[in-house]
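Chemist: Here it is: the structure, laid out below.
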């Protein structure tokens, strides 16, 4: 089987604006879920139609983050055509695992200080951290960490488009069959396997990220040349989500329809980049949000938690939820910027550099077409 040719990284350094645009959208969706949920609890556990819309439409965010995680791993592999196991784990430890443990401790102390949740014995406390249960959003970091454990094996095998396509199909079958999975195992292991933190439930989204990475030039060329159609597709998917939660009630980010929604929506958002990026008042904030997305993901629940305990009741008027949403985003980005002045801040919140290079395109100096395996 022929291996994938790679780009000459010295001559062709690109910044994948479309992917970071997608990451910004995912970040906004996730924050929307948590802002609306906090507003719900601050208003006697009541939603308005709009706060409920924000909560439910935002359920697309976390699976899209999984797509992006898979994409970045496999795209880097494709571009470099080499894999250093030691460097990989060292990098993941610095950029993901250490921040995960630091923020797990921060949120655990928060619960101790405000909710008077006393610290228990070492092992029960360690189990909370290891299983991503220190706070409601940290489970996803654990999911990504689990994927890192199998990536060294996957990268040895998935070196052609055909194999990536097969992997993607198998992964979607796995995720479909694990929907509502409840193993007949008691204790902590059984609870973990049945929980939303169990990575194989999400494997389809990581696999689609790999698919996106290995078919990138064709997909981005097709999508970005049809921005209005892609915008219409995104609106149709969103309308379908509204119909779904209206008919069936609350839906989670692991619903079966997302197995179709997330790939289509990801491509649609990528395709709208040329359209929306024409306006700097949209492009510049989205670039910044994409850059700070992991930091925003880690810190925004802290901001909402403190707001819920210190802001007077009038601030939680449901009519002001967009103002609250904007305030959370701005405070999070200011907080991240301040943290960047701290020595070794990348171990607290990793922030990628936005390189001043040409955007990734398919017309200028794109990688050679990828050949199918024989």
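The values are calculated or read from the model by the stated rules, or taken from the named source; none is laboratory data. Here the structure is a predicted model, which is why all the values come from computation and not from measurement. Using ideal geometry, Cβ is built from the backbone for each residue, glycine included, and neighbour counts are taken over all protein chains shown.
Chemist: Go through the stretch 295-318 and give me each residue that's more than 18 Å from residue 136 (Cα to Cα), in contact with a helix residue (DSSP H, G or I) (Cβ under 9 Å, 6 or more places away or on another chain) and not in a loop (DSSP other than H, G, I, E, B).
Modeler: Matches in the stretch 295-318: 313, 314, 315, 316, 318.
Chemist: Now for a different question. Considering every residue within the stretch 110-128, establish whether at least one is closer than 27 Å to residue 70 by Cα and part of a helix (DSSP H, G or I).
Modeler: yes
Chemist: If I filter the stretch 126-136 for residues that are touching a residue at least 60 places away in the same chain (Cβ under 8 Å), under 16 Å from residue 200 (Cα atoms) and out of contact with any strand residue (DSSP E or B) (no Cβ under 7 Å at 6 or more places or on another chain), do I get at least one hit?
Modeler: yes
Chemist: Here's something else I'd like to know. Provide a single number: the residues in the stretch 138-149 that are farther than 11 Å from residue 100 by Cβ and either free of Cβ contacts under 8 Å to residues at least 24 places away in the same chain or part of a loop (DSSP other than H, G, I, E, B) (or both).
Modeler: Within the stretch 138-149, residues that are farther than 11 Å from residue 100 by Cβ and either free of Cβ contacts under 8 Å to residues at least 24 places away in the same chain or part of a loop (DSSP other than H, G, I, E, B) (or both) number 1.
Chemist: Still on this structure: Quick one: which helices (runs of 4 or more DSSP H) lie wholly within the stretch 184-237 and hold at least 3 residues that are under 19 Å from residue 62 (Cα atoms) and at pLDDT 95 or above?
Modeler: Once the helices (runs of 4 or more DSSP H) in the stretch 184-237 are filtered for at least 3 residues that are under 19 Å from residue 62 (Cα atoms) and at pLDDT 95 or above, what remains is 203-214.
Chemist: Look at residue 286 and say whether it is in contact with a helix residue (DSSP H, G or I) (Cβ under 7 Å, 6 or more places away or on another chain), closer than 22 Å to residue 221 by Cα and surrounded by 21 or more Cβ atoms within 10 Å (Cβ to Cβ).
Modeler: So residue 286 fits the description; yes.
Chemist: Another one. List the pairs whose first member sits in the stretch 272-286 and is farther than 15 Å from residue 231 by Cα, whose second member is assigned to a loop (DSSP other than H, G, I, E, B), and whose Cβ atoms are under 7 Å apart, counting only residues at least 6 apart or on separate chains?
Modeler: If the second residue must be assigned to a loop (DSSP other than H, G, I, E, B), the pairs left are 283/277.
Chemist: Sticking with this one: Yes or no: residue 322 under 29 Å from residue 18 (Cα atoms) and either in contact (Cβ under 8 Å) with a residue 24 or more places away in the chain or loosely packed, with under 15 Cβ neighbours inside 10 Å (or both)?
Modeler: So residue 322 fits the description; yes.
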